[in-house]
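Remarks on the structure that follows.
The values are calculated or read from the model by the stated rules, or taken from the named source; none is laboratory data. Quantities reported herein were computed from a predicted structural model and do not represent experimental measurements. When we count neighbours, we look across all protein chains shown, and the Cβ atoms used for this are built from the backbone with ideal geometry, even at glycine.
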DNA sequence: AGTGGTAGCTCCGTGCCAGC
DNA sequence: GCTGGCACGGAGCTACCACT
């Protein structure tokens, strides 16, 4: 039996060799000389019909496009779609101070999310589904580009490039590390122009970590700040029957072998939800920095927002947030402790040494927590506070006896276990 | 599994200030 | 003017993490 026949026998239903097959979209298994792979010759029009898409033609061939529209009055969890629209303004630059200012007006913000054949990287990994989303008259328009065979990749990449044409700002989740490098590798592999080179890119992952890492870690159990965790936490979205990410490449390979597009429908839906959630989470973050402390639910929110403001150089707003978290008697000791610590640092940088000393003293006076348990974070912060206070007493107060007492206390506390300061998690 | 952005750490140079 | 100490910030390094 030759190789083609053997492969054909593998993809046929068991026990029915040579049986007629009416699987939608399915055709013969053929060798693709460009890629060196065996694939079913897939009827693209039929796949488009199964998935509710359409076929677009360009200079490189035919690409499959699936459009879906989420009207503005529809809800994604708690969030109305129309309220998820993000303006490309100061909010985004507070979240990512490195984001350049826009150099044009009235252009499009585009959300992007890929499904790929794996995570291993390199030229062998292919983006088989490119999901794009943008706001249009208050509604969220999603356009997905599906790769129906490896030989159709240039047509797909060209169609995606056309879609990106009017885009001035790209929004992704971990896209700086994953989505954009993958797409650039594919364009480069085919020696095609790279349309994202001049597009500003906002990666929501890093601001999300700054804002919600503590809360997501408490909720997730695995300590992650995944998009799926945030959509549940912030938007109250619960996915029913969602495809796990690990399963996605396998479903695509099955489609390539069989031509049956039906198992891909949940993958398309997964990708669409990712895009809508990305828009909602981004909108949530922008609202938080625009409206400031009043939008914070608790001390942990206020502390995280303070750090975002501080990084963005908005120091007055940062101080307000730290003060709010520091004054919250009901907050977790780690949250309060870190807020007071950051308040003291901020005051010292402003050369307001007396005010800083008040905060160092406040940190020392904090109770360690319920049941007398020592906090792993508060301990090191207190040591830093003792050290700063000792310096203050010696060099500015000229209170040498006070400085000596504090130094002895510091030496005494340092006899305990050496714990590194990592003022992050509550 | 591979990749790359980010936070936090240490080290070191620099500016500022006070004391002599 | 010199010296010493504090405080800050940049460079370089490491560890972590999210994507399918």
*When you go through (1) outside any helix (DSSP H, G or I); (2) in contact with a strand residue (DSSP E or B) (Cβ under 6 Å, 6 or more places away or on another chain) one by one for residue A:191, which number turns out not to apply?*
(2)
*asked:* Exactly one of these conditions fails for residue A:120: (1) touching a residue at least 60 places away in the same chain (Cβ under 8 Å); (2) closer than 29 Å to residue A:254 by Cβ. Give me its number.
replied: (1)
_Residues satisfying the stated conditions in region A:344-367, i.e. closer than 15 Å to residue A:392 by Cβ and surrounded by 19 or more Cβ atoms within 10 Å (Cβ to Cβ)_ = A:344, A:347, A:356, A:357, A:359, A:360, A:363
*Do you know which of the residues in region A:161-185 that are within 22 Å of residue A:251 (Cβ to Cβ) and buried (at least 22 other Cβ atoms within 10 Å of the Cβ) is farthest from the chain's Cα centre (by Cα)?*
A:183
*Answer with yes or no whether residue A:243 is without any contact (Cβ under 8 Å) to a residue 60 or more places away in the chain and either in contact with a strand residue (DSSP E or B) (Cβ under 9 Å, 6 or more places away or on another chain) or under 30 Å from residue A:150 (Cβ atoms) (or both).*
yes
*How many residues, within region A:110-124, are near DNA strand C (Cβ under 9 Å from one of its atoms) and at negative phi?*
7
*Could you run through region A:384-401 and say how many residues are away from DNA strand B (no atom under 16 Å from the Cβ) and over 46 Å from the mean Cα position of the chain (by Cα)?*
1
*From the list A:262, A:239, A:191, which one is away from DNA strand B (no atom under 16 Å from the Cβ), over 20 Å from the mean Cα position of the chain (by Cα) and under 25 Å from residue A:53 (Cβ atoms)?*
A:262
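Per-residue answers, yes or no, for (1) surrounded by 20 or more Cβ atoms within 10 Å (Cβ to Cβ); (2) under 30 Å from residue A:66 (Cβ atoms):
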residue: A:209; (1), (2): no, no
residue: A:243; (1), (2): yes, yes
residue: A:252; (1), (2): yes, yes
residue: A:286; (1), (2): yes, yes
residue: A:303; (1), (2): yes, no
*Residues being at pLDDT below 80 and within 16 Å of DNA strand B (Cβ to nearest atom): count how many of those fall in region A:91-136.*
6
*Does residue A:275 satisfy the condition of being within 16 Å of DNA strand B (Cβ to nearest atom) and buried (at least 20 other Cβ atoms within 10 Å of the Cβ)?*
no
*Note down all Cβ pairs under 6 Å where the first residue falls in region A:67-90 and is free of Cβ contacts under 8 Å to residues at least 24 places away in the same chain, the second is surrounded by 14 or more Cβ atoms within 10 Å (Cβ to Cβ) and outside any loop (DSSP other than H, G, I, E, B), and they're at least six residues apart or on different chains.*
A:74/A:81
